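Any read-out appearing in this document is the output of simple, stated calculations on the displayed coordinates, not a laboratory observation. Given the structure is predicted, the values throughout are model-derived calculations rather than measurements. Methodologically, a virtual Cβ is constructed for each residue, glycine included, from the backbone with ideal geometry; neighbour enumeration extends over all protein chains shown.
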Amino acid sequence: MDRRDAIIRFGNDGWHARFDEDFTEENVGRVADALGLAWADRAPGSTVCIGFDTRHNGRRFARTMGGIMASYGLRACISTVPVPTPAVEWACAHDMRAIGAVVLTASERSCEYGGILVRASDGSSASRAFLDKIEALIPARAPQARGEVYEVDFASDYLEGLVAAVDARVFARRRLSVVVDPMYGAGIGHLASALERLGWKVSQIHDDPMPGFSGLHPEPIDPWADKCEQAVVASGAQMGLLLDGDGDRFAAVDETGHLLTPCQITPLLIEHLVVNRKRSGRVITTLSSSSSIVDQANLLGLEVLSLPVGFARLYRELREQDVLIGCEEYGGVVIPSHLFERDGLLGCLLLCEMVALSGASLSELLARSEERLGRRCYIRRDVRLEAGQISALRNILPGLNPEMIAGRVPSEVSHADGLRLDFGDGSWVLMRPSRTDSIVRIYAEASGERERDELLEAACSLVKAGI
């Protein structure tokens, strides 16, 4: 089915749709036409970097995107192979002629989905104002005109930059064995190559490009991380490293086969940057991220700022010179001294550097961290509602101040990003309607699973009942 009348809206993570519904070559061409018109008007003859992941017809979609933008006089450069999103962002940020970048990826979504990410000239997320402009420019039909496209190696310089971002001497002093799981995604071969250059022993799983992902969702959480957990234990490796479908987020498995969550990994990275690398600066995070990030920043004497969800919002702060790290709830971290966007491969290398430098195992580092910060149990669930219910909920939330939820009295109520309720023991719950989907995202965190789940279930019940 060719849905030419599809309404295309960009959310915090780009535009995505199912291949059997709206993600068609025709609709990709419509987006390309709007981008080509906008960028050519702003900077005639400039370069656009275009990447794609391992999904269905990625190269073909990229060539369609590039050909249409080239018809506007832009120099359209397409990756020679599937590459992680950070590699495309890196290429764009280091090319003075580049006006922006596009990545054909649906990131962690299943193989049924395609997607488009748009990036600014410095590799960061395109602004909301620019995306609104693109949405308004999208034509009813894709144009027929095509220009010349150029195939470019985006991977080599990016990998050189990755290896240079860590201390090779630290890796050489303690050569460890790791399992790398790119989850059939765009990270295939790239993270493994960087680690091998640093002298570590690497084994890969899920490393054959398979557009159908063999039924796997390329998201580094359980149950999709099960095979990596098993491979680490079976091989006796010191750790496992997982990348999501486009390589901008990551996760890790310790030597016992335990999967670390973002709220466990991110405080470790902050500690490594400050204590081991002697860096300083502000920590920027989202209101839906784990409180362990704030606690770690406070413990280390760092200023911390929590913002509503969306890297476009974080970008304004990341541009300031005093930011150490930016973090979001899905496990994405950005080191602005490296790149103004999330980079899962860099996150993996920094974690490996920390383990190598410490002389301890990953599980030991985690135990020490939780002893200092306390245990945190974090969860997120999406509740799907009808469009009318979502609209009504958006109108209700700004004036809602519940006196009690799950038998608990909130100590603080915030409407900065949906409805967030904080409690005296450090637990909290957040209800946030999606901008682009008929979904309410619900987040909860507490010191134990039972307390966390009680908050989650109570919030889900409120949302389903229309609050």
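Key figures for this structure:
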item: Theoretical gain in end-to-end length, I439 to E21 [0.36 nm per residue, Cα-Cα removed]; result: 148.6 nm
item: Extension gain (nm, one decimal) between A392 and R368, 0.36 nm per residue minus Cα-Cα; result: 4.1 nm
item: Kirkwood Rh in Å, taken over the chain so that all alpha-carbon pairs contribute; result: 22.8
item: Lys, Arg +1 and Asp, Glu -1 on Cβ, resulting dipole of the chain about Cα centre, debye, nearest 20; result: 720
item: Quotient of Cα Rg and 2.2 N^0.38 Å for segment 15-154, N being how many residues it contains; result: 0.92
item: Convex hull volume per residue in cubic angstrom - Cα atoms of segment 199-238; result: 94
item: Global form of segment 377-464, assessed from the alpha-carbon gyration tensor, a/c cut-off 1.5; result: prolate
item: Protection-proxy order for peptides 262-274, 179-191, 425-437, each taking the mean of Cβ atoms within 10 Å per residue, highest first; result: 179-191, 262-274, 425-437
item: Kirkwood-based shape ratio for segment 176-257, expressed as Rg/Rh from alpha carbons; result: 0.93
item: Paramagnetic reach from S461 in segment 384-425 [backbone N under 12 Å; point 7 Å along Cα→Cβ]; result: 405-408
item: Given charges at Cβ of Lys, Arg, Asp, Glu: segment 316-467 dipole, positive-most of S391, W428, G326; result: S391
item: In Hz, Karplus ³J(HN,Hα) per residue of segment 153-168 (6.51, -1.76, 1.60; θ = phi - 60°; x = Gly, Pro); result: 7, 8, 7, 4, 5, 4, 5, 4, x, 4, 5, 6, 7, 10, 8, 4
item: Convex hull projection area averaged over all views, segment 89-210, Cα basis, nm²; result: 10.4
item: Label-point separation in nm, A140 to D425, each point 7 Å along Cα→Cβ; result: 6.0
item: For segment 250-289 versus segment 133-180, the gap between their alpha-carbon centres in whole angstrom; result: 23
item: Inter-site label distance for T256 and V163 at 7 Å from Cα along Cβ, in nm; result: 3.5
item: Value of [θ]222 nm, deg cm²/dmol, for the chain, DSSP H segments ≥ 4, -39500 (n - 2.57) each, nearest 500; result: -10500 deg cm²/dmol
item: Charge dipole magnitude, Cβ of K and R +1, D and E -1 - segment 367-425, Cα centre, debye nearest 20; result: 260
item: Dipole-positive endmost among V81, F154, A34 within segment 15-154 (Cβ charges, Cα centre); result: A34
item: Label-to-label distance, nm, for residues given as A129 and A43 (7 Å Cα→Cβ offset); result: 1.7
item: Label point 7 Å beyond Cα of E303 along Cβ direction - residues of segment 265-287 with amide nitrogen under 20 Å; result: 270-271, 273-275, 278-287
